[in-house]
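These notes concern the structure reproduced below.
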């Protein structure tokens, strides 16, 4: 089982590394997938994450899910049609799509929120609602294969639901 963790500059450090390492503790392979513009992306604090695979070379058949971290990275990620297409395809195939904090912006651009229940960082709530989602102010919201959370404080609940989903769909 392999899970893509999307990365781009200005990512939220905990929202990238916590799920990346937590899933590895469960024996699930995690892969940093970047936009292909460079080999290393920096968090808001300058901590590097090395691209292991470019979105330009990805095959959805090789992955069981995607995690989209927050920070300011989602505002860049959503500008790449390959990112939006990958997320949309994973969703359509019933595979895991997990987004935390500002990552809701990628879900908006991928066009997968209409009729879904979701949460996000409060500053992008209007974007998520305008994309057709029912916003719930909860630490984690699960709607089918879509798992969303609000901020780094929600990471334990977020990762618990991700692991639960993946174990149920092995």
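Each value in this text was obtained by applying a stated rule to the coordinates, not by laboratory testing. These numbers come from a predicted model, not from an experiment. Positions of Cβ are generated from backbone atoms using ideal geometry, with glycine treated the same way; all protein chains shown enter the neighbour counts.
Taking the chain as a Gaussian network, Cα atoms linked when under 10 Å apart, which of 101, 120, 159 shows the biggest mean-square fluctuation?
Largest GNM mean-square fluctuation: 159.
Taking the Cα centre of each part, how many Å lie between the range 50-73 and the range 97-121?
Answer, in whole Å: 16.
In Å and whole numbers, how far do the C-alpha atoms of the chain stretch along each principal axis, longest first?
Answer, in whole Å and largest first: 37, 32, 28 Å.
What Kirkwood hydrodynamic radius, in Å, does the range 113-170 give when the mean of 1/r is taken over all pairs of distinct Cα atoms and then inverted?
About 11.6 Å for the range 113-170.
So if we plug the beta-carbon distance of residue 29 and residue 153 into 1/(1 + (r/R0)^6) with R0 = 41 Å, what FRET efficiency do we get, rounded to 0.05?
0.95
Between 56, 117, 125, which gets the highest mean-square fluctuation from a Gaussian network model of the chain, Cα cutoff 10 Å?
So, out of 56, 117, 125, the one fluctuating most is 56.
What nm distance separates the two modelled labels at residue 143 and residue 160, each placed 7 Å from Cα along Cα→Cβ?
About 2.2 nm, to one decimal.
I need to check one value: relative contact order of the chain, counting alpha carbon pairs closer than 8 Å and at least 6 residues apart, in percent.
That works out to 20 percent.
I'd like to compare 69-76, 160-167: which one has the highest average count of other Cβ atoms within 10 Å, and what's the full order after that?
69-76, 160-167
Rank the residues 45, 82 as a footprinting-exposure proxy: fewest other Cβ atoms within 10 Å of their Cβ go first.
Exposure proxy ranking, most exposed first: 45, 82.
How much length, in nm to one decimal, is gained on full extension between residue 57 and residue 79, taken as 0.36 nm per residue of separation minus their Cα-Cα distance?
6.2 nm
Order of 1, 90 from fewest to most other C-beta atoms within 10 Å?
Taking fewest neighbouring Cβ atoms as first place, the list is 1, 90.
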